[in-house]
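Here the structure is laid out as structure tokens; the discussion comes afterwards.
The values are calculated or read from the model by the stated rules, or taken from the named source; none is laboratory data. Bear in mind that the values here come from a model prediction, so they are computed numbers and not experimental data. Cβ placement follows ideal geometry from the backbone for every residue including glycine, while neighbour counts extend to all protein chains displayed.
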Amino acid sequence: MNANTPSVLARIDADLDQSLTRLFDLIRIPSISTDPAYKGDCARAAEWLSTELAGLGFEASVRPTEGHPMVVAHSKAATSGPHVLFYGHYDVQPVDPLDLWTAPPFEPSLITTEDGTRAISGRGSGDDKGQFMTFVEACRAWKAVAGSLPVNVTILLEGEEESGSPSLKPFLAANRQELSADIALVCDTSMWDRQTPAITTMLRGLVGEEVEITAASRDLHSGLYGSAARNPIHLLAAILAGLRDESGRITLPGFYDGVPELPAELKDQWQRLPFEEKAFLGEVGLSVPAGEAGRSVLEQLWARPTCEINGIIGGYTGEGFKTVIPAKASAKVSFRLVGEQDPDKIRDAFRSYIRSRLPADCQVSFKEHGGSPAISLPVDGALLGRARRALDEEWGKETALVGSGGSIPVVGDFKRLLGMDSLMIGFGQNDDRIHSPNEKYDLASFHHGIRSWARILGAFATA
Ligand code: BES
Ligand code: MN
Ligand code: MN
């Protein structure tokens, strides 16, 4: 262990209340990136973070982009060691449906959940403000105790992750020199369970598409036109239903190109992870598996592609009843990708599939919502080994190497644009309800997350 680490850990324990106060201040800023109404709040969150990092002695700045700004901060170590680029996102998901929240989403507090776990509540607590602040607070403790960080650190905080990171690629490309490091650290993933830390080495990719079908030139009375005029909701529903067959396979031609079978070794390793398929669905009130037949749930989530309809819009949805044939219907659809599946090809296949089923008097338009291939990281790097041992020590349990069904497109961009691998270490829990009402972050995740990063930074500096 690094000679300074014990004092840094003691400092973290003593400062926990203040760390929480700072996190609460950040959560109070409603930095919802996807809704233009919150543009000013996104800018405010970036300013808040830049000021906070400058206060810690980082050379920090808010960097404008075409969308929401980036925050970039540099800190030079006293000694030479590896240089790490830490990434997090300060933007959060929209809060709807608001009526399902038991407390206002941007008024954080410490709560005790049904099973007695203490947690921080609020939108962004678990994704990603509470998570990335563990790293910032670890830096604070290191600076307070040792005067400087044990390794060179650059911090990059983005404000558009939840809306597909449109400004990120150009920003990385334009600032390649400034942002390149030996490795990227990302704190935006989950633990295996409350006791077991995890390093995520595989993520699924993502293709997001919005499709709008237009039929008649205006909304019609469904009694006066029904059965003669095309109903775009029926059409859209039928087309979308055809995307999957009864066994759960996606029907788009070429969709499975580049989907590998799981190597026997990995299959074995995953089978040994203690995982209760029944409890996994049970926890969210379900009991009937809906995935591809003949595959375990972990394989379905981590190693198989999927297509999900995330939203569907059309017709009259207000109070009461209205007999209408709407002129338009639209849907938001996403595909999770694995292996070598190519996002561009899948987008093309989706669009051709829809166009090929469109009657001659209907129109379709598409809007792209991001695309990124799946990610698979090396598991034998020296820094990964050090991080793994530091996590083992902090949590008193062996760190699990896991996959994840979620997507963090920046990890692929770090590799392709900056030639950097990433180390994905997060402290989220399955029941954090990220993206949902009543999002939370365990107090233990926050506290031991800070301690974990403090140990990892120390371990990186030790030869
Ligand atoms: N942090 C999540 C992804 C995540 C969560 C990965 C838990 C592993 C474990 C991230 O903020 C997220 O929500 N990503 C989006 C993609 C984005 C392009 C909208 C996703 O996965 O849907
Ligand atoms: Mn996230
Ligand atoms: Mn998210």
Total residues in the stretch 14-54, condition of a type in the set (D, E, K, R), in contact (Cβ under 8 Å) with a residue 60 or more places away in the chain and farther than 16 Å from C139 by Cβ: 1
Counted residues, the stretch 313-338 - those being in contact with a helix residue (DSSP H, G or I) (Cβ under 8 Å, 6 or more places away or on another chain) and either surrounded by 15 or more Cβ atoms within 10 Å (Cβ to Cβ) or within 13 Å of L206 (Cα to Cα) (or both): 14
Residue match in the stretch 62-70 (condition: outside any helix (DSSP H, G or I), more than 21 Å from the chain's Cα centre (by Cα) and of a type in the set (D, E)): yes
The stretch 308-321 residues that are among the charged types (D, E, K, R), paired with ones that are surrounded by 10 or more Cβ atoms within 10 Å (Cβ to Cβ) (beta carbon under 7 Å, 6 or more apart): E308/S334
Positions within the stretch 55-109 being of a type in the set (D, E) and within 16 Å of ligand 1 (Cβ to nearest atom), in sequence order: D91, D96
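To keep it simple, each residue is scored yes or no on (1) in contact with a strand residue (DSSP E or B) (Cβ under 9 Å, 6 or more places away or on another chain); (2) closer than 30 Å to R176 by Cβ; (3) at pLDDT 95 or above; (4) among the polar types (S, T, N, Q).
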| site | (1), (2), (3), (4) |
| --- | --- |
| G381 | yes, yes, no, no |
| D392 | no, no, yes, no |
| G396 | no, no, yes, no |
| V402 | yes, no, no, no |
| D421 | yes, yes, yes, no |
| Q429 | yes, no, yes, yes |
| I434 | yes, no, yes, no |
| N438 | yes, no, yes, yes |
| W453 | yes, yes, yes, no |
Among the candidates L243, L235, L252, residue that is crowded, with 18+ Cβ neighbours inside 10 Å, touching a helix residue (DSSP H, G or I) at 6+ places or on another chain (Cβ under 7 Å) and not acidic (D, E): L252
Count - residues of the stretch 341-363 that are farther than 14 Å from G258 by Cβ and touching a strand residue (DSSP E or B) at 6+ places or on another chain (Cβ under 8 Å): 8
Residues satisfying the stated conditions in the stretch 121-157, i.e. more than 16 Å from ligand 1 (Cβ to nearest atom) and of a type in the set (A, V, I, L, M): V136, A138, A141, A144, V145, A146, L149, V151, V153, I155
Residue in the stretch 316-324 that is among the polar types (S, T, N, Q) and more than 25 Å from the chain's Cα centre (by Cα) present: yes
In the stretch 431-450, residue surrounded by the fewest Cβ atoms within 10 Å (Cβ to Cβ) [restricted to those that are charged (D, E, K, R) and over 14 Å from F24 (Cα atoms)]: R433
Lone unmet requirement of (1) in contact with a Gly (Cβ under 9 Å, 6 or more places away or on another chain); (2) away from ligand 2 (no atom under 16 Å from the Cβ); (3) under 29 Å from R433 (Cα atoms) for L220: (3)
Qualifying residues in the stretch 365-387 (those that are under 25 Å from E212 (Cα atoms) and hydroxyl-bearing (S, T, Y)) - the one farthest from ligand 1 (Cβ to nearest atom): S365
Failed criterion for V211 (all others in (1) more than 23 Å from G370 (Cβ to Cβ); (2) touching a helix residue (DSSP H, G or I) at 6+ places or on another chain (Cβ under 8 Å); (3) not basic (K, R) hold): (1)
Every residue from the stretch 188-218 that is surrounded by fewer than 16 Cβ atoms within 10 Å (Cβ to Cβ) and more than 23 Å from the chain's Cα centre (by Cα): S217, R218
Extreme residue, farthest from T102 (Cα to Cα), among residues of the stretch 434-463 that are part of a loop (DSSP other than H, G, I, E, B) and more than 16 Å from ligand 3 (Cβ to nearest atom): A463
Lone unmet requirement of (1) within 14 Å of ligand 1 (Cβ to nearest atom); (2) modelled with pLDDT under 95 for E114: (1)
Unique match (being within 13 Å of ligand 3 (Cβ to nearest atom) and within 21 Å of T21 (Cβ to Cβ)) among D91, D127: D127
Every residue from the stretch 159-190 that is part of a loop (DSSP other than H, G, I, E, B), within 16 Å of ligand 3 (Cβ to nearest atom) and touching a helix residue (DSSP H, G or I) at 6+ places or on another chain (Cβ under 8 Å): G159, E160, S165, C187, D188
Count of the stretch 392-430 residues which are within 16 Å of ligand 3 (Cβ to nearest atom) and exposed (fewer than 15 other Cβ atoms within 10 Å of the Cβ): 1
Check on S125, in the same structural domain as P437 (by TED's automatic domain parsing), under 30 Å from G458 (Cβ atoms) and within 16 Å of ligand 2 (Cβ to nearest atom): yes
